[in-house]
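**Student:** This is the structure I want to talk about, given as structure tokens.
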Amino acid sequence: MSLTFSELRLDLASALAHFLDPEEASAECLRWFDDGLGWERTRLAARGDEQVPEDLRHQVGQWLRRRREGEPWAYIIGFAMFRGRRFAVTRDTLIPRPETELVLEAALEIGHRLGVRRVCDIGTGSGILGISMALETEWQIVATDLSAGALDVAKSNAESLGAVLKFAQGDLLGAVPDSLELVVSNPPYVDPADAPSLQRELAFEPAFALFAEDRGLALSTAILQQSADRKARAVVLEIGAGQGPLLGERAVAMGWRSVAVRSDWAGHDRILIAEN
Ligand SMILES: C[S@@+](CC[C@H](N)C(=O)[O-])C[C@H]1O[C@@H](n2cnc3c(N)ncnc32)[C@H](O)[C@@H]1O
């Protein structure tokens, strides 16, 4: 049976709407066409009556089967966009989230204000923070992760994006031998007690990239403490909704002189900035 690209778009939108809400389904459908099939909106409008080749129909059917099982589109297609750049992702890495762009913006603002040179990205995952800073500043960046699989992905992203930075494997700041001025991190910060109520798509992402003991605060607290011990001038951390007050209190108790919490677009605590 023949099928045109316009018909495929309608079929796909309705198939996605079976397990996504309608708005999400139509946005995701366009992403499948843009990123998966290389058919942007204008091409679809101009040439939507062309026939879909058999191998492409088969491919879309396979993607749909995986997506129905809850696998995120970024893992299926193998990349996600962050700050307008394409980052490869695998099941070893967290999928970049839009709110992490706020962390990058805060890090650039604080780092430029303080005139820092030596900066690290702890728990770099696919490398989004460290690589973006390396591409947008003159800073010397070290990006670390405990996961060798994640570091492989980050290194390959750095190479394809032309970013120059160092990578190190190890536990938090232990992987960074040099002195540091600015510590940036989106650490695992989800409370394991919240796991049952989370979206099923999160089950595809590595648990060690998401969850932290102590109500989600264990790694954020350790990063603040280790950065204070290392006499870093500032820390910029991504945090979870509602984590600002307690983490802020802890940072003050560690001796950080100025502690501020910023919200994301939904009004949730999202960034903690500690400075000396
Ligand atoms: C929330 S993900 C963030 C990834 C990436 N920075 C991003 O924003 O998409 C946390 C990352 O921290 C890494 N990680 C977990 N525990 C760690 C530890 N003790 N030391 C260093 N990295 C760790 C995980 O492998 C994961 O890549």
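**Student:** Mind listing the Cα extents of the chain along all three principal axes, in Å, largest one first?
**Tutor:** Ordered largest first, the chain gives principal extents of 69, 39, 30 Å.
**Student:** Under 5 Å between amide hydrogens, which residues at least 5 positions from T124 or on another chain qualify, with H placed 1.01 Å from N in the peptide plane?
**Tutor:** Residues meeting the criterion, in which the H sits 1.01 Å from N, are T144, D145.
**Student:** Still on this structure, I have one more. If a/c stays under 1.5 just call it rounded; otherwise compare a/b with b/c (prolate if a/b is bigger, oblate if not). Do that for segment 5-69, with a ≥ b ≥ c from the square roots of the Cα gyration tensor eigenvalues.
**Tutor:** On the way: a/c = 1.92, a/b = 1.30, b/c = 1.48.
Oblate, since a/c reaches 1.5 and b/c is not below a/b.
**Student:** I'd like the FRET efficiency for L135 and L56, computed as 1/(1 + (r/R0)^6) with the beta carbon distance as r and R0 of 25 Å, rounded to 0.05. Don't skip to the answer; put the middle values down first.
**Tutor:** On the way: r = 34 Å, r/R0 = 1.35.
After rounding, the FRET efficiency stands at 0.15.
**Student:** Could you check the spin-label model distance between A195 and E69? Points 7 Å from the Cα along Cα→Cβ, value in nm.
**Tutor:** About 2.1 nm, to one decimal.
**Student:** With only Lys, Arg, Asp and Glu charged, each at its Cβ (+1 for the first two, -1 for the last two), find how big the charge dipole of segment 80-275 is about the Cα centre; round to the nearest 20 debye. Before the final figure, lay out each step's value.
**Tutor:** Numbers: 19 positive and 26 negative charges, 78 e Å.
For segment 80-275, the charge dipole is close to 380 debye.
**Student:** All other residues with a Cβ under 14 Å from the Cβ of G162 taken together, and with Lys, Arg as +1 and Asp, Glu as -1, what is their net charge?
**Tutor:** Numbers: positive: R85, R86, K155; negative: E136, E159.
After counting each charged neighbour, the total is +1.
**Student:** Considering the dipole of the chain built from charges on the beta carbon (Lys and Arg +1, Asp and Glu -1) around the Cα centre, which of A15, I131, Q51 is farthest to its positive end?
**Tutor:** Working it through, the farthest residue towards the positive pole turns out to be I131.
**Student:** Also, I was wondering about something else. Name the shape class, rounded, prolate or oblate, that the alpha-carbon gyration tensor gives for segment 168-260, where a ≥ b ≥ c are the square roots of its eigenvalues, rounded holds for a/c under 1.5, and otherwise prolate holds if a/b is larger than b/c and oblate otherwise. Before the final figure, lay out each step's value.
**Tutor:** Numbers: a/c = 2.67, a/b = 1.49, b/c = 1.79.
The shape class here is oblate.
**Student:** Taking only Cα atoms and a 10 Å spring cutoff, compute GNM fluctuations for the chain and point out the largest among V252, V119, V89.
**Tutor:** Of the options given, V252 has the highest mean-square fluctuation.
**Student:** Continuing with the same structure: Using only Cα atoms, locate the centre of segment 122-169 and the centre of segment 234-276, then give the distance between them in Å, rounded to an integer.
**Tutor:** Computed from Cα coordinates, the inter-centre distance equals 24 Å.
**Student:** Summing -39500 (n - 2.57) over the DSSP H runs of n ≥ 4 in the chain and dividing by its residue number, what mean residue ellipticity at 222 nm do you reach, to the nearest 500 deg cm²/dmol?
**Tutor:** Values: 11 runs with 113 residues, N = 276.
That comes out to -12000 deg cm²/dmol.
**Student:** In nm, to one decimal, how far is the S263 label point from the S26 one, both placed 7 Å along Cα→Cβ?
**Tutor:** 2.9
**Student:** Please say if segment 105-216 is rounded, prolate or oblate, where rounded means a/c under 1.5 for a ≥ b ≥ c the square roots of the C-alpha gyration tensor eigenvalues, and otherwise the choice is prolate for a/b larger than b/c and oblate otherwise? Could you put the intermediate results ahead of the total?
**Tutor:** Numbers: a/c = 1.95, a/b = 1.62, b/c = 1.21.
Verdict is prolate for segment 105-216.
Every read-out reported here was derived from the displayed coordinates using simple, explicitly stated rules and does not represent laboratory data. Since the structure is predicted, the reported quantities are computational estimates derived from the model, not experimental observations. So basically every Cβ, Gly included, is an ideal-geometry build from the backbone, and we count neighbours across all protein chains shown.
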